[in-house]
Ligand SMILES: Nc1ncnc2c1ncn2[C@@H]1O[C@H](COP(=O)(O)OP(=O)(O)O)[C@@H](O)[C@H]1O
Ligand SMILES: [Mg+2]
């Protein structure tokens, strides 16, 4: 099998309201201004099959969903995304920016839902066929600050957002551990900084390591 070059595969991680979408849009604009083709993918979703799985995952009516069902649904959605989108895009010289990827599964289903993170890593490996982003920006935001930003918007909560404070504290700790043991790939950024300050760190990292 042809080796996939993941240098232009960049993921963003961090709890809700940490600023991922804001920074992804800014990075995309910068790369496009410099002549690169850029695709943004979001998890779960990004293909017809994966979007259907996303609807099941976020539907509040599915309160009976078992943690392991949730894990496999995320992973099934990811298989389709990797095979249908990520690999073809990378092979076609696109930048692929992922709004969440495998680290979210480790943080949410592993640490958050308390499924052994080692097992999660094996399932992640199967789901991706071994493909990891070349670079991951972890936007580190304390759960309390996420809560404050959440209060500033009106949108209703989805099934995952009603999980309670202890769940989010475990997810946050999970991200901290992920960042600790994968410090080559994962760049941790203090997400309480201004949008502009964070963008500067991201662009400098990209200029130094990717472009
Ligand atoms: N660095 C920042 N400082 C303060 N507010 C921010 C910052 N980055 C994003 N926001 C605001 O926080 C909210 C969540 O940002 P968003 O980019 O959607 O986060 P995410 O995609 O991680 O959930 C938005 O209202 C956004 O305007
Ligand atoms: Mg977002």
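The values are calculated or read from the model by the stated rules, or taken from the named source; none is laboratory data. Values in this document were obtained by computation on a predicted structure and should not be read as measured data. Note that we place each Cβ from the backbone using ideal geometry, even for glycine, and neighbour counts take in every protein chain shown.
Residue-wise test of (1) closer than 17 Å to residue 89 by Cα; (2) in contact with a helix residue (DSSP H, G or I) (Cβ under 8 Å, 6 or more places away or on another chain).
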| site | (1), (2) |
| --- | --- |
| 12 | no, yes |
| 15 | no, yes |
| 18 | no, yes |
| 25 | no, no |
| 37 | yes, no |
| 41 | yes, yes |
| 47 | yes, yes |
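Within the stretch 182-201, the residues that satisfy the criterion of being more than 9 Å from ligand 1 (Cβ to nearest atom) and in a loop (DSSP other than H, G, I, E, B) are 182, 183, 184, 185. Quick one: in the stretch 1-23, of everything that is within 11 Å of the chain's Cα centre (by Cα) and within 23 Å of residue 142 (Cβ to Cβ), which residue is nearest to ligand 2 (Cβ to nearest atom)? The residue in question is 21.
Among the residues in the stretch 53-61, are any away from ligand 2 (no atom under 16 Å from the Cβ) and touching a residue at least 60 places away in the same chain (Cβ under 8 Å)? The answer is yes; a qualifying residue exists. Taken over the stretch 183-209, residues that are surrounded by 14 or more Cβ atoms within 10 Å (Cβ to Cβ) and touching a residue at least 60 places away in the same chain (Cβ under 8 Å) amount to 8. Restricting attention to the stretch 88-132, and to residues there that are in contact with a strand residue (DSSP E or B) (Cβ under 8 Å, 6 or more places away or on another chain) and within 16 Å of ligand 1 (Cβ to nearest atom), which single residue is farthest from residue 143 (Cα to Cα)? The residue in question is 97. Among the residues of the stretch 2-42, what is the count of those that are in a loop (DSSP other than H, G, I, E, B) and within 14 Å of ligand 1 (Cβ to nearest atom)? Looking only at that region, the number is 6.
Test residue 76 against the stated conditions and say whether it is closer than 23 Å to residue 184 by Cα, touching a helix residue (DSSP H, G or I) at 6+ places or on another chain (Cβ under 9 Å) and surrounded by 14 or more Cβ atoms within 10 Å (Cβ to Cβ). Spelling it out, it is not the case that residue 76 is closer than 23 Å to residue 184 by Cα, touching a helix residue (DSSP H, G or I) at 6+ places or on another chain (Cβ under 9 Å) and surrounded by 14 or more Cβ atoms within 10 Å (Cβ to Cβ). Taking the residues in the stretch 67-115 that are within 16 Å of ligand 2 (Cβ to nearest atom) and part of a strand (DSSP E or B) as candidates, determine which candidate is nearest to residue 170 (Cα to Cα). Once the filter is applied, the top-ranked residue is 99. Pairs please, first residue from the stretch 16-42 and touching a residue at least 24 places away in the same chain (Cβ under 8 Å) and within 26 Å of residue 146 (Cβ to Cβ), second anywhere and near ligand 2 (Cβ under 10 Å from one of its atoms) and in a helix (DSSP H, G or I), Cβ atoms under 7 Å, 6+ apart in sequence or on different chains. Going by the 7 Å Cβ cut-off, the qualifying pairs are 40/24.
Can residue 157 be described as in a helix (DSSP H, G or I), more than 15 Å from residue 13 (Cβ to Cβ) and at pLDDT below 90? Judged against the criteria, residue 157 is not a match.
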